[in-house]
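What follows is a single structure, written as structure tokens, with notes after it.
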Amino acid sequence: MELWFTEKQTERFGITAKIKRTLHTEQTPYQKLDMLETEEFGNMLTLDGMVMTTERDEFVYHEMVAHVPLFTHPNPRRVLVVGGGDGGVLREVVKHPEVEKVTLVEIDGKVIETSKKYLPSIASAFDHPKVEVIVGDGFMHIAESRDAYDVIMVDSTEPVGPAVKLFEKGFYEGISKALKEDGLFIAQTDNPWFKADLIRKVFRDVKEIFPITRLYTANIPTYPSGLWTFTLGSKKYDPLKVDAGRFRDVGTKYYTKDLHFAAFVLPKFVADLTK
Ligand code: SAM
């Protein structure tokens, strides 16, 4: 008998993946966590039935979350990751020698534990000397932080459960206070095919708080529609004005210096969401 995992991305559309076996399944205090061994994309982490990361395409998302903001800021010493319990963003952040300390605040310790066990190539930096891990609510951590971070990355689930408030204007205002005077942040902001209203609202909210607000995209095959967006808010540094000398090879498979700029060139129907 064949086993297939299906994520319904809308009521009428979804993706499906052939499964070798279920490696782990549990209901945590926050969400339904499954680790599946797929035939096409390797091990896959799902939360509440939504794909979070897979061994085969994770590099795209993690490289674009980490390197765009870290090459935009000229001296990113203190970094915060909200969410990110699979560890992929951490792995990319510690590749930057300027980073002195990176703090990860993940609400669900089970995600970290299960990722370490079944996604070793992704969850490889949790024991790095520059890494601090806090199991807690990122919303509260931001509310309690002032002038603390150069760069903040919001690697959350979609706006469901504990992540709903991470897409609200109040959270972005909190991020602005938690950042130093020349700080910047990025957040994953879902896809333009099925979540256009969310992108439009988040971009508008961030634009009312940060002098520089930009949207960039990446192709992630196992994410809804395959076209993903990231919203960047910056107090001073513009990702489109990064000095060429700032870039160097950090061992990536998707991100490049040219793609850093190209990722901000948006298809018209996506650019219209920022108007
Ligand atoms: N890349 C994935 C995506 O775009 O859907 C997200 C991956 S990461 C595993 C998402 C993490 O955000 C989950 O582990 C979830 O537990 C965490 N999370 C959700 N709400 C949170 C909150 N309020 N504070 C901290 N972490 C949160």
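Sum up the charges of everything whose Cβ sits under 15 Å from the Cβ of Ile175, counting Lys and Arg as +1 and Asp and Glu as -1, but leave Ile175 out. Each step should come with its number before you reach the end.
Numbers: positive: Arg78, Arg146, Lys165, Lys169, Lys177, Lys180, Lys207, Lys235, Lys236; negative: Asp137, Glu144, Asp147, Asp150, Asp155, Glu168, Glu173, Glu181, Asp182, Asp205, Glu208.
Net charge around Ile175: -2.
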Mind jotting down the distance between the C-alpha centroids of region 112-164 and region 2-57, whole Å?
21 Å
Alpha-carbon Rg/Rh ratio, for the chain, with Rh computed the Kirkwood way
0.94
Which lysines have a Cα lying under 28 Å from the Cα of Lys241, excluding residues fewer than 8 positions away in the same chain?
Lys95, Lys101, Lys169, Lys177, Lys180, Lys201, Lys207, Lys253, Lys257, Lys268, Lys275
For region 119-199, which trypsin sites (Lys or Arg not before Pro) pass both filters: DSSP loop (anything but H, G, I, E, B) and at most 16 other C-beta atoms within 10 Å?
Lys130, Arg146
Between Lys8 and Val160, what is the label-point separation in nm under the 7 Å Cα-to-beta-carbon projection?
1.1 nm
Apply the Karplus curve 6.51 cos²θ - 1.76 cosθ + 1.60, θ = phi - 60°, to the phi angles in region 124-140 and return the couplings in whole Hz, x for Gly and Pro.
9, 10, 4, 9, 5, x, 8, 9, 10, 10, 10, 8, x, 7, x, 4, 5
For helix 169-178, what angle does its Cα long axis make with the longest principal axis of the chain, in degrees from 0 to 90 and rounded to 10?
60 degrees
With unit charges on the beta carbons (Lys and Arg positive, Asp and Glu negative) and the dipole taken about the Cα centre of region 37-153, which residue among Gly87, Val133, Gly109 sits farthest to the positive side?
Val133
Want the number for Lys117 to Arg248: 0.36 nm per residue separation, take away the alpha-carbon distance, what's left?
44.0 nm
Quantify how much of the Cα-Cα distance distribution of region 210-275 extends past 14 Å, in percent.
65 percent
Projected onto their principal axes, the Cα atoms of region 55-210 stretch, largest extent first, over whole-Å spans of 39, 34, 26
Working from Cα positions, state the angle (0 to 90°, nearest 10) between the long axis of helix 196-207 and the longest principal axis of the chain.
30 degrees
Of the convex hull drawn through the C-alpha atoms of region 1-122, the volume per residue in Å³ is 117 Å³
Could you tell me which of Phe264, Ile19, Tyr223 has its Cα farthest along the dipole of the chain towards the positive end, charges placed at Cβ (Lys, Arg +1; Asp, Glu -1), taken about the Cα centre?
Phe264
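Considering only DSSP beta bridges whose two residues both sit in region 131-275, what percent are antiparallel, to the nearest 5?
Of all bridge pairs located within region 131-275, approximately 70 percent are antiparallel.
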Within 10 Å of each candidate Cβ there may be at most 14 other Cβ atoms; applying that plus a DSSP loop requirement, which GluC sites (Glu not before Pro) in region 168-275 survive?
Glu208
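Any read-out appearing in this document is the output of simple, stated calculations on the displayed coordinates, not a laboratory observation. Please read these numbers as outputs of a predicted model, since none were measured by experiment. A quick note on method: Cβ atoms are made from the backbone with ideal geometry, for glycine too, and the neighbour counts reach across all protein chains shown.
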